[in-house]
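Below is one structure; the comments refer to it alone.
The values are calculated or read from the model by the stated rules, or taken from the named source; none is laboratory data. Fair warning: this is a prediction, and the values are worked out from it, not measured in the lab. Cβ sites come from the backbone with ideal geometry, for glycine too, and all protein chains shown count toward neighbours. Please note that ligands, DNA and RNA were not included when accessible areas were found on the heavy atoms of the full protein model with its side chains. Shrake-Rupley method; radii C 1.70, N 1.55, O 1.52, S 1.80 Å.
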Amino acid sequence: MLTRRHFIQTTAALFSASISSPLLADTWPTEAEKGAWDAQVTPPGYNPATSNPWGLHPRFLPQRVVAKDGLVAGDIHVDAVARYLYHIEEGGTAMRYGVAIARGKLYEPGVYTIKRKVRWPHWQPTQNMIDRDPELYADIADGMEPGPDNALGSRALYLFVGDRDTYLRIHGTPHPSSIGGRASSGCVRMVMAHINDLYPNVEIGSTAFLYSAEDSVTPRS
């Protein structure tokens, strides 16, 4: 079983300063629309280490931390207990972000490959989601167009096992108040401004490790 003991040794910050399926759509937003949406979800004077219009606990703001020796640069590790995502960097550091994970047994620990990335993606609930929560999803069964209200938010990283799309994503969310909790139907949620920072640094083919939510190690605050 994957546990948080295996991968990250956190330190003080060095900064100074949902399950889904791809919608087959004929239309995509223009670059101008994407740029306008990026501006809309980015706080004025945005500083990742200090900007917090979402009212997050300060520990969920992006921080650069020391990574345990031997971890592969470019990989992602999700600590489901502390609700952190770590992106490993060259030189022994990692960027740490606050996340929300799935409700109850919908969270799926495992080792995944990121095989697709989309800026301002479409989104469509799976049939299982509709069957499980019809009041929540039936009205959007045909999917949602890209935009700040879309369930996948501004960016999505698509998780695969081999060539099989798991329908698990690491993605932005229009509900930043969920960060730190268990809220999604399977995916890992991030603040949109934070995943916008992470997105260009994640390479296709990188590995994402989702660790067990039942790990008994007490997270640091």
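Here are the numbers:
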item	result
Of all residues making up region 29-57, the number that are at pLDDT below 95 and either touching a helix residue (DSSP H, G or I) at 6+ places or on another chain (Cβ under 6 Å) or under 19 Å from residue 178 (Cα atoms) (or both)	0
Enumeration of residues in region 117-130 that are open to solvent by 20 Å² or more (accessible area, probe 1.4 Å) and at pLDDT 95 or above	117, 119
Number of positions in region 83-106 that are surrounded by fewer than 22 Cβ atoms within 10 Å (Cβ to Cβ) and farther than 18 Å from residue 197 by Cα	6
Tabulated pairs, region 66-94, first among the acidic types (Asp, Glu), second modelled with pLDDT under 95 and open to solvent by 30 Å² or more (accessible area, probe 1.4 Å), C-beta under 6 angstrom, 6+ apart or interchain	79/4
Selection from region 93-116 of residues that are modelled with pLDDT under 95 and in a loop (DSSP other than H, G, I, E, B)	103, 107, 108, 109
Within region 176-204, tally of residues that are part of a helix (DSSP H, G or I) and in contact with a strand residue (DSSP E or B) (Cβ under 7 Å, 6 or more places away or on another chain)	9
Hits in region 68-82 (condition: open to solvent by 10 Å² or more (accessible area, probe 1.4 Å) and assigned to a strand (DSSP E or B))	none
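Yes or no, residue by residue, for (1) at pLDDT below 95; (2) surrounded by 23 or more Cβ atoms within 10 Å (Cβ to Cβ):
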| position | (1), (2) |
| --- | --- |
| 145 | yes, no |
| 162 | no, no |
| 167 | yes, no |
| 171 | no, yes |
| 182 | yes, no |
| 196 | no, no |
